[in-house]
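Visitor: Sharing a structure here in structure tokens format.
The values are calculated or read from the model by the stated rules, or taken from the named source; none is laboratory data. Keep in mind the model is a prediction, meaning the values are calculated, not measured. Because the Cβ atoms are built from the backbone with ideal geometry, glycine has one as well, and the counts that use them run over all protein chains shown. The protein model used for the area step is the full one, side chains on, heavy atoms only, and it has no ligands, DNA or RNA in it. Shrake-Rupley method; radii C 1.70, N 1.55, O 1.52, S 1.80 Å.
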Amino acid sequence: MMTTIGIDLGGTKVSAAHFDESGNILFKKKLELHSAKGKEVGRIITSVLSEIIKSATSSGHAPHGIGLSVPGIAHRSGEVWAPNITGWEKYPIKKELEAFVENEYKIIVDSDRACHMMGEVWKGAAKGCRDAVFLAVGTGIGAGIMAEGRVLRGAHDISGAIGWMALRPPYQAMYKERGCFETYASGHGIADRARQLLRERKVSILSEKIENLTAESVFEAYDQHDAVARAVIDEAIQYWGMATSNLVSFFNPEKIIFGGGVFGPAIKLIDLIYAEAVKWGQPISMQQVKFEASALGADAALIGAGYLALKTENP
């Protein structure tokens, strides 16, 4: 039986799993980062990997390869830029892992955008698709884009960084760090927009939470018909609709798949997002595409990392 290992590095934790060739999890492990930085994060990854390899070899099914999903830019050189992890501006994680396993296993490192998409292809909502987009909305916003059966990575491995999609003129200085789309429709953006309205003395049940406001609390208030929360989420729906309409017009995908921490609570809004997107998008493409929630939830990138290691030939 051919098996594979997937590792998913997030901003707060590392998850890893041993999969069989059908994508079933044979063994899984998770470790918290606890504000680790630089090489400390590398050691946590190798620690969890060591346990997965030990379990795999003891079962008699050594892995075909090891895939790592990272939250940022994964260069083909194996160096990673992960903005949420201090000290990972050009971190040589591929070389570090190759040294750790003594080159016994193939190592594949890719962005969480690509891994989300490939996880859905292997075991989720994009199974059987050749053209699809995974829209990941959490702390930030990114997209895994598959065209004609291949994930797009771009000349410098940055394809899918759609948090910087320009959707609202004029340009504002706050877009430099986060991008226009992300400013209004990411998890951080939703909380910041609600905080901005509250500081304008808008009446809201969120007023007592202004210093510790999260996107989750805004969604809870939205469900209670709070005026501030409604204004913020209705605005986010417009941005999600405009952005997805552009993706549909650019790539003519079979599906747009929504995932990440915000979808989550925003899954119930997908029909409203589609209705907004139809106003803006190429009309024939908009009638052909399907908008769906992720079938894999928080495990999409982990599963995708395993799939990439299974399917990619030795570099």
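Visitor: Which far-off residues, 5 or more places away or on another chain, put their amide H under 5 Å from the one on Leu213, with H placed in the peptide plane?
Guide: Excluding prolines and chain starts, which carry no amide H, there are no hits.
Visitor: Under 5 Å between amide H atoms, partner at least 5 residues away or on a different chain: which partners does Val262 have, H built in plane at 1.01 Å?
Guide: So Val262 has HN proximity to Val137, Gly138.
Visitor: What is the calculated FRET efficiency for Arg230 to Ile284, with r their C-beta to C-beta distance and R₀ = 45 Å, to the nearest 0.05?
Guide: 0.85
Visitor: Moving on. DSSP beta bridges in the chain, what fraction antiparallel, as a percent rounded to 5?
Guide: Close to 55 percent.
Visitor: Now for a different question. Please state the charge dipole magnitude for segment 168-252, taken about the Cα centre, from unit charges on C-beta atoms (+1 on K and R, -1 on D and E), reported in debye and rounded to the nearest 20.
Guide: With only Lys, Arg, Asp and Glu charged at Cβ, the dipole is about 320 debye.
Visitor: Grab every C-alpha pair in segment 150-192, bin the distances at 10 angstrom width from 0 up to the longest one, and report whole percents.
Guide: Whole-percent P(r) values from 0 Å outward: 28, 44, 24, 4.
Visitor: Can you tell me the order of 147-153, 117-123 when each peptide is scored by its average per-residue count of other Cβ atoms within 10 angstrom, highest first?
Guide: Those peptides, ordered most packed to least, come out 117-123, 147-153.
Visitor: Cα-Cα pairs above 20 Å in segment 58-187: how many percent?
Guide: So the pairs more than 20 Å apart make up 53 percent of the total in segment 58-187.
Visitor: I'd like the Karplus ³J(HN,Hα) series for segment 43-59: coefficients 6.51, -1.76, 1.60, θ = phi - 60°, whole numbers in Hz, and an x wherever there's a Gly or Pro.
Guide: Using θ = phi - 60°, the values come out as 5, 5, 4, 5, 5, 5, 5, 4, 5, 5, 5, 4, 5, 5, 5, 5, 7 Hz.
Visitor: Quick one: accessible surface of Arg43, probe radius 1.4 Å, all protein chains present, in square angstrom to the nearest 10.
Guide: 140 Å²
Visitor: Right, something else. For the chain, what is Rg from Cα atoms divided by 2.2 N^0.38 Å, rounded to two decimals?
Guide: It is 1.02.
Visitor: Roughly to the nearest percent, how much of the accessible area of segment 144-219 is carbon and sulfur, given a 1.4 Å probe?
Guide: The value for segment 144-219 is 51 percent carbon and sulfur by accessible area.
Visitor: Here's a follow-up. Mind listing the long-range amide H neighbours of Gly65? Cut-off is under 5 Å, sequence gap 5 or more, other chains count too, H placed in the peptide plane at 1.01 Å from N.
Guide: Ile5
Visitor: Going down the list Lys30/Lys176; Lys176/Lys202; Lys30/Lys54; Lys39/Lys90; Lys37/Lys311; Lys13/Lys94, which pairs span over 22 Å between their C-alpha atoms?
Guide: Lys30/Lys176; Lys176/Lys202; Lys37/Lys311
Visitor: What list of ³J(HN,Hα) couplings, whole Hz, do you get for segment 283-288 from phi and the Karplus terms 6.51, -1.76, 1.60, once you set θ to phi - 60° and write x for glycine and proline?
Guide: Once θ is set to phi - 60°, the couplings for segment 283-288 become x, 5, 4, 5, 7, 8 Hz.
Visitor: Per residue, how much accessible surface does the chain expose to a 1.4 Å probe? Answer in Å², no decimals.
Guide: Value returned for the chain: 47 Å² of accessible area per residue.
Visitor: Still on this structure: Which whole-number percent gives the relative contact order of segment 204-315, counting Cα pairs below 8 Å spaced six or more residues apart?
Guide: Relative contact order for segment 204-315 comes out at 27 percent.
Visitor: Let me ask something additional. Report the trypsin sites (Lys or Arg not before Pro) located in segment 177-223 that are in a DSSP loop and have at most 13 other Cβ atoms inside 10 Å of their Cβ, or state none.
Guide: Arg201
Visitor: How high is the FRET efficiency from Ala99 to Ser22, r the C-beta distance, R0 30 Å, rounded to 0.05?
Guide: Here the calculated transfer efficiency is 0.45.
Visitor: Ok, one more. Sticking with the crude label model, points 7 Å out along Cα→Cβ, report the distance from Ile158 to Ser207 in nm, one decimal please.
Guide: 4.4 nm
Visitor: For segment 212-227, just list the computed ³J(HN,Hα) in residue order, Karplus coefficients 6.51, -1.76 and 1.60, θ = phi - 60°, integers in Hz, with x standing in for Gly and Pro.
Guide: Using θ = phi - 60°, the values come out as 10, 6, 10, 4, 4, 5, 5, 5, 4, 5, 4, 5, 9, 6, 5, 5 Hz.
Visitor: Please work out how much length the chain gains when fully extended from Ser58 to Ala173, using 0.36 nm per residue of separation minus the C-alpha to C-alpha distance, in nm with one decimal. Please report the intermediate quantities before stating the final value.
Guide: Details: separation 115, 0.36 × 115 = 41.40 nm, distance 5.48 nm.
Taking 0.36 nm per residue and subtracting the Cα distance, the gain is 35.9 nm.
Visitor: Let me have the 222 nm mean residue ellipticity of the chain computed from DSSP H runs of 4+ only, each contributing -39500 (n - 2.57), with the sum over all residues rounded to the nearest 500.
Guide: That comes out to -12500 deg cm²/dmol.
Visitor: For segment 56-122, report the translational diffusion coefficient in µm²/s to the nearest whole number, using Stokes-Einstein at 10 °C, 1.306 mPa s, and a Kirkwood Rh over Cα pairs.
Guide: 123 µm²/s
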